[in-house]
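The values are calculated or read from the model by the stated rules, or taken from the named source; none is laboratory data. As the structure is a prediction and not an experimental result, all values here were calculated from the model. Cβ placement follows ideal geometry from the backbone for every residue including glycine, while neighbour counts extend to all protein chains displayed.
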Amino acid sequence: MKKYTLLLSLLFISFLSQAQIRGAMGQRAPIVEQRLELNYAEPKEYEIMDITTTGSRFYDGNSMISLSGLRVGDKIKVPGDAVTSAIKKLMAQGILEEVEVEAAKIEGDKIWLNINIKERPRLYKLEYIGIKKGEQETLSDKIKTYKGKIVTESVKKNIELAIKKHYQDKGYLNVAIKLSEKTDTLRGNNATMKVNIKKGEKVKISEIKFVGISEMKESVLRRKLKGTKQKAFYKIFTSSKYVPKKFEEDKIKLIEFYNKKGYRDALVLGDSVYKDPTNNNRVKIVLKLEEGKQYHYRNIYWEGNFIYPDSVLTEVLGVKKGDVYNVEDLDKRLNGKPGEDVSSAYMDNGYLFYQCEPVETAVVGDSIDITFRINEGKQATINKVIVNGNTKTSDHVVMREIRTLPGQKFNKSAIIRTVRELSTIGYFNPEKITPNPIPKADGTVDIEYNVEEKPSDQIELSGGWGGYIGFVGTLGVTFNNFSARNIGNLNAWKPLPAGDGQKLSVRFQANGSSFQNYSISFTEPWLGGKKPNSFSISLSRSISYPYKIQQYNQLSAYNSGYGYGSSLYGGYGGYGYGYGLGTSTATSDSATAAQNEAHFNSTTLSFSLGKRLKKPDDYFSLSNSLSLQLIDVKNLPYYGYPEGNSVAVAFVTNFSRNSIDNPTFPRSGSSFSLTASLTPPYSLFGGNNTNLIEYHKWMFDASWFTPITSKLVFHMRTHLGFLGSYNPDKDITRFERFDLGGSGMQTGFNVISRDIIALRGYKDRVFGSQGSLPSGGVAYNKFVMEVRYPVSLNPSATIFLLGFAEGGNNFANYTSYNPFKIYKSAGFGARIFMPAFGMIGIDYGFAFDKVPGQTSSNNFGQQAFTFSIGQQIR
C-alpha cells in the first residue's frame, strides 16, 4: 500500500532564522528540523487567524477547509491532535493522495495555516493487453461501473478481483493480472488503467472421487454434478473445466439429491481440490460424504383440522406408510401442486389464511412420524379485483377472462386459471402476469392482477418460390386486438382502433396476373359481451391461371396419349397431359390457346359460431360453421377436378380441448381437436349432379406437453385425417384432399381446396398420393416427438430450439391405407416468435426413407432445410 506522509509545518519568522515543524500521520513521530525544538510535554497554544489551500485543481478549496474541521478563531495546540485530526478527516474522503498542513506565518500566539493537497485522478478508460477484442468488450461491460470513479487502492483491487473472477468462472484458474496507472492531466486529472492479462490454459478436472459412500454408485453421483465433470474421451460436448462457483453449487445439489432419496442426514464432510501431478493444467477432486440412513414415513397425524377429516387430508397428501421420506416432495404435496395439494383443498374453499406446519414428532430407527399442525383460519371473500398494466386492452376484455369475482369465496385454483386465460388471449406477456392477493383486516381479500402489454398485431410481408408456380408475394395484416365500436372515433386510430379483443385479418397473395388470392375475416370472441360465444365471418377469393405461370415446351397429345413429360407437381414427372386438346395432330397454337383459357377460380363465404363448454370441464369448446364455396374449373383434368362450375355447401363442427399454459412456448398441458366437415349427401337422394360437391371429412389433432426440467419440454403430437364419400359407388371428390411433406406452407393454385400437412425432411407436398396423378390423398397419418429448450422468453422475440423425430404418410385410397407404414425423419431446428410476424421457423431434417416415384436425380423427394413463417410446424 502506498505510504502517505502528511507534514505539519510551523514556520516561525524572526530576524535571523526560520524553523519548520513537520509531523507524520500514524505512528511516526514528528520530525524536528533546523533550530526549532518542539516540547511534547508542554505544547504551545495558537489562535488560527486564517486558513488557505494550495494544490487544489478540481475540488473547491473552501470545501476542503470545511471538511478538515479547522475553523478561523479556533485555538489549537502545536504539537496537538487538532491538525492530525484534520489530516485524517481529509484523507478519509478517499479523493486525495496526500495532505500537508503548513504554518504559513506565526506571530506570537497567532498562526496562519495553509492546507496543501494532492488530488487522486479519476478512472477515464481501461486498456487491455493480452486478450482479444471480443474479450475486451465483455470485460469492459462487466467493470463499466468503475469508470469515472476516483482511483484508489480499493478500486484497483476490485477491478482486479472482477477480472479474475470472470476468467476463473471460465476455467482459467491460473490467470495473472497486472495493473498500471497513468495520469493524463490534459483530460482533467483522469487516469488510464492498463490491464495486462495472462490467462494461461483452462484448468480441467482429470478425476472426481467420492469417499464414505456405500449406498450410491460413484457414476450416479458424478452425473448429479451438472457443472463439475471429469475429463473423458467420449465426452465431446461436455465441458470438464473446473469452476469453483459451480463446484459449490453442485455440492448443494448433491445433498439435495440424497435428501430426495430419503437420506435427510447426508452431509459433505469436506472436499479436496489439488493439482494433478501428471499435468499442471489438471486438478483432481475428492469429496468426502456422510450418507446417513435412508428414512421412511411411519405414522401420519393431523392436528387442528375441522373442515376435512384425517382420512381426506391423508388421501390428498398421497403419502403412505413405508414411502421414502422426501422433504422436497412433501412440500410440493402440501403447497406446490395447484388443484392437487393440501393447500388447494383449503384455499379453493375460501380459506386464504390456512397454514400447515409439518413437524417430525418421532424418529425411530429409519422411520419418521410426521404431525401436520393446521390452522384453518376463516373463509375470505373477494372484496374487489384490480387490474394494472393494461394500457391498450380495455378493462372489460380483461375482466371477462378473470375467474375470481367480487363476492365469491377466495379460490387459489381460480387465480391460477385466470393467469392461464390472460396468457392465452395473447395480449399480455405470459412471463409478467402476476397475481397479488391482498388480505384485509375485515376478513376479505382484494386480488390484484399485474399485466404487461405486448404487441399482438401481425404483418405478413414475404416472398417465396412455390415450386413450378414461381415467385409468390404475400402481404397481410392481422389485428388481434381490434375494436369495431371505435371505428367512428378518429382519435382511436393508432393505426386502427384497438382494445376490444376482436380480430380483423386482411391478406393478399399474388404471382402477377397468373395467381391471386384475397381474403378478409372478422372474429368477435364474445358475441353480445356477456358470454364467451364467438362469431366469425370470412370471405376469400382465388383466381388462378396455372398455365400462365409456366409455359410448357410441348402440350400437344401424342398418339399414345402421353404429352408433356416433366413434373407439374414437383415429384410426379413422367405423366403427361394426354387429355385431348386435339388429336395427335394438335398444333402448338391450339395448345397455347387452351393453356391461356385454363383456370381455377374459387370464392368462399363462411360463418361460424363457437362457445366454451362447462362439461366435461371448462377447457372444452364447440364451434359450428357453415361455408359456401363456388369453384370454376376449366381445362385442368390433370388434377381430376370436374370441369365447369362446382358448389360446396359444408357444415363444419369442431370439438376441442386446450389446457396448455402458454400459446407461444407451452411447458405443460395438452390440446386436442376433432373436426368434421359434412356436405349434404346428394347422391343418396338420387342426385346425380357432378358439380354438387359432396364429402365427409374428419380430422384429429392432439398434442401433449410435459416438462422434463425447469426449461426442457417434451412435446408429442398425433395428427390424422380422413376423407370419404357417402355413396360407395361414387368416387371420393378431388377437392378437400390432403398433401403431405415439407413446411406445410400453402402457396399456389393447387392448394385450393387442399389441406397441406408438414413433414420435415421431405419436399413440399411430395406425398400428394401414391397414385399416377397428383390428386392428393384421402387419408394421412402424422406422428411427432420433440424436445424443446427456450433461449429467450422475451415477448418481443421468443426463441426456442428443438430436436424432432417424426413420421407420416398419405394414401390415395383406403385399400392401401396402413397406419404403420410411415416415412420417417429426424433433425433439429429453431423457432423465433415476433409479435409483428408470428412464428418463424427453420429446421434441418434428415429423411430416412425414399419416396416412391422419386429418383436419385431429385434426391428421392428429400429436402434437408424447411422454412416456415406465420405458423408452427408441430
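Structure data summary
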{"item": "Enumeration of residues in the range 825-838 that are of a type outside the set (Phe, Trp, Tyr) and without any contact (Cβ under 8 Å) to a residue 40 or more places away in the chain", "result": "ALA830, ILE832, MET834"}
{"item": "Residue, nearest to MET839 (Cα to Cα), within the range 428-461, restricted to residues that are of a type in the set (Val, Ile, Thr) and touching a residue at least 24 places away in the same chain (Cβ under 8 Å)", "result": "ILE459"}
{"item": "Qualifying residues in the range 670-712 (those that are farther than 25 Å from ASP755 by Cβ and among the small types (Gly, Ala, Ser)) - the one modelled with the highest pLDDT", "result": "SER710"}
{"item": "Subset of the range 165-179 [under 31 Å from the mean Cα position of the chain (by Cα) and either in a helix (DSSP H, G or I) or over 27 Å from ASP276 (Cα atoms) (or both)]", "result": "LYS165, HIS166, TYR167, GLN168"}
{"item": "ALA232, sole failed condition from (1) within 28 Å of the chain's Cα centre (by Cα); (2) over 30 Å from TYR297 (Cα atoms); (3) without any contact (Cβ under 8 Å) to a residue 40 or more places away in the chain", "result": "(1)"}
{"item": "Filter result for the condition that a residue is crowded, with 21+ Cβ neighbours inside 10 Å, within 22 Å of ILE708 (Cα to Cα), of a type in the set (Asp, Glu) and in the same structural domain as PRO666 (by TED's automatic domain parsing), over GLU806, GLU786", "result": "GLU806"}
{"item": "Residue list for the range 212-228, restricted to those being among the charged types (D, E, K, R) and touching a residue at least 12 places away in the same chain (Cβ under 8 Å)", "result": "GLU215, ARG222, LYS224, LYS226"}
{"item": "Residues (small (Gly, Ala, Ser) and not in a loop (DSSP other than H, G, I, E, B)) located in the range 304-351", "result": "SER311, SER343, SER344, ALA345"}
{"item": "Scan of the range 735-767 for residues that are in a loop (DSSP other than H, G, I, E, B) and at pLDDT below 75, ordered by number", "result": "MET745, GLN746, THR747, GLY748, ILE752"}
{"item": "Check on LEU793, of a type outside the set (S, T, N, Q), assigned to a strand (DSSP E or B), modelled with pLDDT of 90 or more and surrounded by fewer than 23 Cβ atoms within 10 Å (Cβ to Cβ)", "result": "no"}
{"item": "Every residue from the range 284-296 that is at pLDDT below 95 and more than 30 Å from GLU207 (Cβ to Cβ)", "result": "none"}
{"item": "Test: residue in the range 244-258 that is assigned to a loop (DSSP other than H, G, I, E, B), at pLDDT below 90 and not hydrophobic (A, V, I, L, M, F, W, C)", "result": "no"}
{"item": "Residue count, the range 618-639 (criterion: free of Cβ contacts under 8 Å to residues at least 40 places away in the same chain and either surrounded by fewer than 18 Cβ atoms within 10 Å (Cβ to Cβ) or among the charged types (D, E, K, R) (or both))", "result": "11"}
{"item": "Flag if VAL268 is closer than 20 Å to GLN294 by Cβ and assigned to a strand (DSSP E or B)", "result": "yes"}
{"item": "All strands (runs of 3 or more DSSP E) inside the range 352-411 with 1 or more residues being within 37 Å of the chain's Cα centre (by Cα) and aliphatic (A, V, I, L, M)", "result": "381-388"}
{"item": "Enumerated strands (runs of 3 or more DSSP E) restricted to the range 640-716, each holding at least 3 residues that are touching a residue at least 12 places away in the same chain (Cβ under 8 Å) and aromatic (Phe, Trp, Tyr)", "result": "696-707"}
{"item": "Test: GLU431 is surrounded by 14 or more Cβ atoms within 10 Å (Cβ to Cβ), of a type in the set (Asp, Glu) and not in a loop (DSSP other than H, G, I, E, B)", "result": "yes"}
{"item": "Residue in the range 834-855 that is buried (at least 20 other Cβ atoms within 10 Å of the Cβ), of a type in the set (Ser, Thr, Tyr) and part of a strand (DSSP E or B) present", "result": "no"}
